[in-house]
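The values are calculated or read from the model by the stated rules, or taken from the named source; none is laboratory data. All values derive from a computational prediction rather than experimental measurement. With ideal geometry, Cβ positions are generated from the backbone for all residues, glycine too; neighbour counts draw on all protein chains shown. Surface areas here come from the heavy atoms of the whole protein model, side chains and all, with no ligands, DNA or RNA. Shrake-Rupley method; radii C 1.70, N 1.55, O 1.52, S 1.80 Å.
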Amino acid sequence: MSTQTPATTGPAATSPAPKSSVNRAGLAVADYKGLPSTLCKGCGHDVITNAIITAFYEMGVEPHLVAKMSGIGCSSKTTAYFLSRGWGFNAVHGRMPAVATGAVLANKKLVTIGVSGDGDTASIGMGQFVHMVRRNVPIIYVVENNGVYGLTKGQFSATADQGSKLKSGEINDLPPVDLCTLAIELGCGFVARSFSADRKQLVALLKAAIAYDGTSVLDVMSPCVTFNNHEGSTKSYDYGRDHEGPIHELGFVAGWESPDVEFKDQESIQVALPDGGTIFVRRVDGAHDPRDKAAAFKLLRESNPKTDFLTGLFYLEPGKPSLLGMLKVADEPLAHLPIERTRPPESVLAAIIESLR
Ligand SMILES: Cc1ncc(C[n+]2csc(CCOP(=O)(O)OP(=O)(O)O)c2C)c(N)n1
Ligand code: SF4
Ligand SMILES: [Mg+2]
């Protein structure tokens, strides 16, 4: 998500060639880190944190120009572990989308990333998620999906697959909510699924999401090593590694980079993104074209979650107007406007009252 090119300000923006240890903002990877993680060792969420750090570093987004939003859950703690100089807000369980919508409206110059969990999004936060997507709030919305409520000791969440088993042996009888299908149905213009262990794909998707203008939904399978990483789980590392079927190969090339040879050679589908940069989809074996909405639906509906774990960019619609575009919000962040530009003078109020007499 971003509301403008998430480039840099000051000297970094004009710097022609990045040095190897710093990015185009003149910052090192260490500048993109956060507090040490307090999550269980091996938790998928920490792997996603590292991918987020890499993506923001490689995109050269300055950390103080980033808003980090989250709800409640182990996943929602993630925002503390990256970009310590960014602006963080840990909202109530399931209510992050509403708070993020307000933040985005208050300051359109910030790049906003929301990190949520499958419980935070698909259970308690479902209503909020639906309206955020429907409004096309410019946000990179990452769901760290482990199929359980990790923080409250591993109950099934609404994304748990039917037939999957808890450590206690309990079987999930209910069908899952598929967040990708739902997001496409709601009109989302950037819908992807990934796996925390598939770093290359995840970083490419995150970079593309940073360059996208609107809601980007990244549903990332993120194993909970403490409560849902056993045999019989469909959200474990082993299950992910054994069943992942990337629907295509992806690469993202920022506006200031030249395309990788690997993508030039393959007659890739290329889609330019609003804030600069191009996503490349390798055309191997009739790979899914993410611009085809009907094909994306078909692919998701016909896949069997018990045996297939499809990852990649399902749907991409780059030109879709975001909430800020639809509302024609002023270029200057609303939060920076002086009171005389946000509150009509008394004479205007008096004229309105007079007109009602
Ligand atoms: C209003 C409210 N209801 C319930 C809870 C208890 N609670 C905290 S986290 C959580 C579930 C978190 O699951 P998920 O979003 O999947 O995150 P994970 O811990 O698995 O990463 C629940 C039910 C709460 N904190 N607030
Ligand atoms: S309980 Fe699960 S989700 Fe929470 S930190 Fe531990 S491994 Fe991660
Ligand atoms: Mg969870």
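crowded, with 24+ Cβ neighbours inside 10 Å, assigned to a helix (DSSP H, G or I) and either hydrophobic (A, V, I, L, M, F, W, C) or more than 16 Å from ligand 1 (Cβ to nearest atom) (or both): which single residue out of VAL133, VAL143 fits that description? Before the answer, list the steps.
Working: VAL143 fails: assigned to a helix (DSSP H, G or I).
VAL133 is the lone residue from the list that is crowded, with 24+ Cβ neighbours inside 10 Å, assigned to a helix (DSSP H, G or I) and either hydrophobic (A, V, I, L, M, F, W, C) or more than 16 Å from ligand 1 (Cβ to nearest atom) (or both).
For the range 284-309, which positions are crowded, with 18+ Cβ neighbours inside 10 Å and modelled with pLDDT of 90 or more?
To start, the set of residues in the range 284-309 that are crowded, with 18+ Cβ neighbours inside 10 Å comprises 287-288, 290, 296, 299-300, 305, 309.
Listed by number, the residues that qualify are HIS288, PRO290, ALA296, LEU299, LEU300, PHE309.
List pairs: first in the range 146-175 and farther than 20 Å from ASP219 by Cα, second near ligand 1 (Cβ under 8 Å from one of its atoms) and of a type in the set (A, V, I, L, M), Cβ under 8 Å, 6+ apart or cross-chain?
LEU166/VAL148
Looking only at residues in the range 252-283 that are more than 15 Å from PRO318 (Cβ to Cβ) and among the polar types (S, T, N, Q), which one is modelled with the highest pLDDT?
For the range 252-283, the residue satisfying everything is SER268.
Where residues in the range 124-145 are touching a strand residue (DSSP E or B) at 6+ places or on another chain (Cβ under 8 Å) and either without any contact (Cβ under 8 Å) to a residue 24 or more places away in the chain or within 13 Å of ligand 3 (Cβ to nearest atom) (or both), which of them is farthest from LEU327 (Cα to Cα)?
Among those that are touching a strand residue (DSSP E or B) at 6+ places or on another chain (Cβ under 8 Å) and either without any contact (Cβ under 8 Å) to a residue 24 or more places away in the chain or within 13 Å of ligand 3 (Cβ to nearest atom) (or both), it is ASN145.
Quick one: how many residues across the range 243-259 are aliphatic (A, V, I, L, M), touching a Phe, Trp or Tyr at 6+ places or on another chain (Cβ under 8 Å) and closer than 18 Å to ALA51 by Cβ?
2
Looking only at the range 176-198, how many residues end up being open to solvent by 40 Å² or more (accessible area, probe 1.4 Å) and not in a loop (DSSP other than H, G, I, E, B)?
Step one: list which residues in the range 176-198 are open to solvent by 40 Å² or more (accessible area, probe 1.4 Å), which gives 176-178, 182, 185-186, 197.
Add one more test, that the residue is not in a loop (DSSP other than H, G, I, E, B), and what stays is 182, 185.
So the answer is 2.
Does THR101 satisfy being in contact with an Asp or Glu (Cβ under 7 Å, 6 or more places away or on another chain) and either of a type in the set (Val, Ile, Thr) or away from ligand 1 (no atom under 16 Å from the Cβ) (or both)?
Taking the combined requirement at face value, the residue does not satisfy it.
Give me the pairs: first residue in the range 216-230 and open to solvent by 10 Å² or more (accessible area, probe 1.4 Å), second residue assigned to a loop (DSSP other than H, G, I, E, B) and modelled with pLDDT under 95, beta-carbon distance under 7 Å, and six or more apart or on different chains, which are they?
PHE227/LYS167; HIS230/LYS167
Restricting the search to the range 21-33, which residues are open to solvent by less than 30 Å² (accessible area, probe 1.4 Å) and assigned to a loop (DSSP other than H, G, I, E, B)?
Matches in the range 21-33: ASN23, ALA25, LEU27.
Hey, can you tell me all the residues within the range 27-57 that are within 16 Å of ligand 1 (Cβ to nearest atom) and acidic (Asp, Glu)?
The one that is within 16 Å of ligand 1 (Cβ to nearest atom) and acidic (Asp, Glu): ASP46.
Residues THR54, THR14: which one is at pLDDT below 95, away from ligand 2 (no atom under 14 Å from the Cβ), within 28 Å of PRO274 (Cα to Cα) and not aromatic (Phe, Trp, Tyr)? Even if it seems obvious, please write down each step before you answer.
Working: THR54 fails: at pLDDT below 95.
Going through THR54, THR14 in turn, the sole match is THR14.
Against the conditions (1) part of a loop (DSSP other than H, G, I, E, B); (2) over 28 Å from ILE53 (Cβ atoms); (3) open to solvent by less than 10 Å² (accessible area, probe 1.4 Å); (4) away from ligand 3 (no atom under 16 Å from the Cβ), where does ALA160 fall short? Just the number, please.
Exception for ALA160: condition (4).
Determine, yes or no, whether GLY60 is open to solvent by 10 Å² or more (accessible area, probe 1.4 Å) and more than 16 Å from ligand 1 (Cβ to nearest atom).
no
Against the definition (farther than 30 Å from LYS235 by Cβ and open to solvent by 20 Å² or more (accessible area, probe 1.4 Å)), how does ALA335 come out, yes or no?
yes
Could you list, in sequence order, all residues of the range 217-250 that are modelled with pLDDT of 95 or more and closer than 17 Å to GLU58 by Cβ?
Selection gives LEU218 alone.
Any idea which of (1) touching a residue at least 40 places away in the same chain (Cβ under 8 Å); (2) part of a loop (DSSP other than H, G, I, E, B) is the one LEU324 doesn't satisfy?
The single condition LEU324 does not satisfy is (2).
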